[in-house]
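Asker: Handing you a structure now.
The values are calculated or read from the model by the stated rules, or taken from the named source; none is laboratory data. From a predicted model like this one, the values you see are computed outputs, not experimental measurements. So basically every Cβ, Gly included, is an ideal-geometry build from the backbone, and we count neighbours across all protein chains shown. Areas reflect the complete protein model, heavy atoms only, side chains present, ligands, DNA and RNA absent. Shrake-Rupley method; radii C 1.70, N 1.55, O 1.52, S 1.80 Å.
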Amino acid sequence: MVPHVDLLGMLFIVWGLLTTLVGVSTLALGVGAVALITSANRSEGGQFAAGLTAAVFTTLAIIAIIWGAAHVAVGVPLRRRRPWSRMAALMLGSIDLLLLPYGTALGLYGLWVLLHEDGKKLFLSEERAASST
C-alpha cells in the first residue's frame with residue numbers, strides 16, 4: 001500500500017498545483033473585467049455587467065487558489081505519512097468527488113487508498129512511533 005499512498009500524495013500535489021494555476025488564470029480574467037470598468041465611455045449597464053463579472057471571477061479565483069493550496073498542503077505530508085494528513089485527505093477527497101471528472105477519480109482513489117485496512121495501518125504505525133518518542 002506504500003506505493004499507493006505515495007502516488008496519492010503526488011496526485012494531490014499535482015491536482016493542487018493545477019487548480020492553483022486555474023485560479024491565477026481566472027484572477028487574470030477578473031483583472032481584465034476591472035480594466036473594463038475603469039475604461040472611459042461605458043454605459044451604466046456595461047459597468048454593472050463588468051463589475052459583476054469581475055466579482056464572480058475574483059471570487060472563483062480565490063476559491064480555486066485556496067482549494068489548490070489545501071491540496072498541496074495535504075499532499076506533501078501525506079507522502080510522509082503524517083497521521084493528520086490522512087484525515088485531511090479524506091475530507092478533501094470526499095469533496096473532490098463532486099468535481100467531475102478528474103476530482104471524482106482522485107476522490108475515489110483517495111477514499112480507496114486511505115480507507116483500506118493496509119492504508120490505515122501505515123498511518124497508525126507512524127502515529128504510534130511519534131507518540132513513543
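Asker: Name every residue in segment 42-88 that is without any contact (Cβ under 8 Å) to a residue 60 or more places away in the chain and touching a Gly at 6+ places or on another chain (Cβ under 6 Å), in order of residue number.
Answerer: Residues satisfying the conditions are A54, F57, T58, A61, A64, I65, G68, H71.
Asker: Would you please name the residue that is surrounded by the most Cβ atoms within 10 Å (Cβ to Cβ), looking only at residues in segment 104-121 that are modelled with pLDDT of 95 or more and among the small types (G, A, S)?
Answerer: G110
Asker: Still on this structure: Among the numbered criteria (1) touching a residue at least 60 places away in the same chain (Cβ under 8 Å); (2) assigned to a helix (DSSP H, G or I), which single criterion is violated by M91?
Answerer: With respect to (1) touching a residue at least 60 places away in the same chain (Cβ under 8 Å); (2) assigned to a helix (DSSP H, G or I), M91 is out only on (1).
Asker: Run down R81, R86 and say which single residue is modelled with pLDDT under 95 and either in contact with a strand residue (DSSP E or B) (Cβ under 9 Å, 6 or more places away or on another chain) or open to solvent by less than 80 Å² (accessible area, probe 1.4 Å) (or both).
Answerer: When all the criteria are applied, what remains is R81.
Asker: Here's a follow-up. What number of residues within segment 14-27 are open to solvent by less than 60 Å² (accessible area, probe 1.4 Å) and free of Cβ contacts under 8 Å to residues at least 60 places away in the same chain?
Answerer: Filtering segment 14-27 down to residues open to solvent by less than 60 Å² (accessible area, probe 1.4 Å) leaves 15-16, 19-20, 23, 26.
Applying the additional criterion that residues be free of Cβ contacts under 8 Å to residues at least 60 places away in the same chain yields 16, 19-20, 23, 26.
Summing the residues that are open to solvent by less than 60 Å² (accessible area, probe 1.4 Å) and free of Cβ contacts under 8 Å to residues at least 60 places away in the same chain in segment 14-27 gives 5.
Asker: Restricting to segment 94-103, count the residues that are part of a helix (DSSP H, G or I) and open to solvent by 60 Å² or more (accessible area, probe 1.4 Å). Lay out the reasoning, then the answer.
Answerer: So the first thing to find is which residues in segment 94-103 are part of a helix (DSSP H, G or I), and the list is 94-96, 102-103.
Those left that are additionally open to solvent by 60 Å² or more (accessible area, probe 1.4 Å): 95, 102.
Selection size over segment 94-103: 2.
Asker: Collect the residues in segment 102-111 that are free of Cβ contacts under 8 Å to residues at least 60 places away in the same chain and within 16 Å of A88 (Cα to Cα), keeping them in residue-number order.
Answerer: Of the residues in segment 102-111, the ones free of Cβ contacts under 8 Å to residues at least 60 places away in the same chain are 104-105, 107-108, 111.
Within segment 102-111, G107, L108, L111 qualify.
Asker: Checking the condition of a type in the set (G, A, S) and more than 20 Å from L122 (Cα to Cα), which residue from A105, A89 passes? Outline the logic, then answer.
Answerer: Details: A89 fails: more than 20 Å from L122 (Cα to Cα).
When all the criteria are applied, what remains is A105.
Asker: I'd like to check something: does segment 43-52 contain any residue that is among the hydroxyl-bearing types (S, T, Y) and not in a loop (DSSP other than H, G, I, E, B)?
Answerer: Scanning segment 43-52 turns up no residue that is among the hydroxyl-bearing types (S, T, Y) and not in a loop (DSSP other than H, G, I, E, B).
Asker: Yes or no: L11 closer than 18 Å to H116 by Cβ, open to solvent by 60 Å² or more (accessible area, probe 1.4 Å) and not in a loop (DSSP other than H, G, I, E, B)?
Answerer: yes
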